[in-house]
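Here's the structure, in structure tokens; my notes come after.
The values are calculated or read from the model by the stated rules, or taken from the named source; none is laboratory data. All values derive from a computational prediction rather than experimental measurement. Note: ideal-geometry Cβ built from the backbone for every residue, glycine included; neighbour counts use all protein chains shown. Ligands, DNA and RNA are stripped out before the accessible areas are found, and what is left, the full protein with its side chains, is counted by its heavy atoms. Shrake-Rupley method; radii C 1.70, N 1.55, O 1.52, S 1.80 Å.
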Amino acid sequence: PLIDRMKGGHRLVVLGSIIARALLCYLLIGEIEGADTFFFLLALCLLVGQKGYQVARSALVPTVVRSDDELVEANSKLSLISGVSGFLGVVPSGILLKTPHLGPRWSIGLAMVTYVVAAVLALRIPKATVAEFSQNTDSVFLACQALTTGAHPLACTATRRGMREPIQPSSCNSRSAL
């Protein structure tokens with residue numbers, strides 16, 4: 001929720017995950033020969049950074065499109081680009097891996113350069129706020145209390161998550177649900 005409420009929060013997560021993965025690739029280059037436990041820990045962190053990037057990217061897409069049709073189109077294009085780039089990214093990496101006197105360090109170095117370029121391009125993503133801070137949390141909580149104590153459901157509407165909607169008893173378990 002904090003990331004949603006920060007201006008540019010998802011953009012920050014995207015940038016942070018890209019920069020972290022570039023740094024992890026840099027560290028991996030030095031650890032590739034030993035392939036000890038630290039190497040595998042770095043590789044795991046790289047995978048975790050990738051998943052964080054995917055989640056932030058998916059949350060960021062609705063903020064940069066104007067309609068539901070554009071959202072569907074943007075998600076389709078992102079899926080296609082991700083699949084194609086993942087497939088095509090193997091080719092130069094494989095060439096570097098199999099070239100004598102280059103090897104896996106150069107392959108990971110290519111990934112690092114790719115992440116740096118992606119970070120520079122990610123700076124162009126506009127800052128956006130997904131959700132606003134609730135100004136009326138206490139009134140929502142009081143409405144929930146009224147609803148759970150038997151007040152009429154039509155009387156129990158309040159602002160929650162930026163929209164005016166009826167409050168259901170199932171959502172009134174605690175303040176944290178608000």
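Couple of notes before you dig in:
- Boolean, Val64 is among the β-branched types (Val, Ile, Thr) and closer than 19 Å to Tyr115 by Cβ: no
- Conditions (1) closer than 26 Å to Lys127 by Cβ; (2) touching a helix residue (DSSP H, G or I) at 6+ places or on another chain (Cβ under 9 Å); (3) at pLDDT 85 or above; number of the one not met by Ala56: (3)
- Residues of the range 30-42 that are open to solvent by less than 60 Å² (accessible area, probe 1.4 Å) and at pLDDT 90 or above: Leu42 alone.
- Any pair with Cβ under 8 angstrom, 6 or more apart, that starts in the range 80-97 at a residue that is under 16 Å from Val113 (Cα atoms) and ends at one that is open to solvent by 100 Å² or more (accessible area, probe 1.4 Å) and part of a helix (DSSP H, G or I): Leu96/Trp106; Leu97/Trp106
- Subset of the range 44-60 that is small (Gly, Ala, Ser) and out of contact with any Asp or Glu (no Cβ under 9 Å at 6 or more places or on another chain) - its residue that is surrounded by the fewest Cβ atoms within 10 Å (Cβ to Cβ): Ser58
- Residue satisfying all of: in the range 13-30; under 14 Å from the mean Cα position of the chain (by Cα) and not small (Gly, Ala, Ser); farthest from Val117 (Cα to Cα) among these: Val13
- Per-region count, the range 76-104, residues under 20 Å from Gln50 (Cα atoms) and open to solvent by 100 Å² or more (accessible area, probe 1.4 Å): 4
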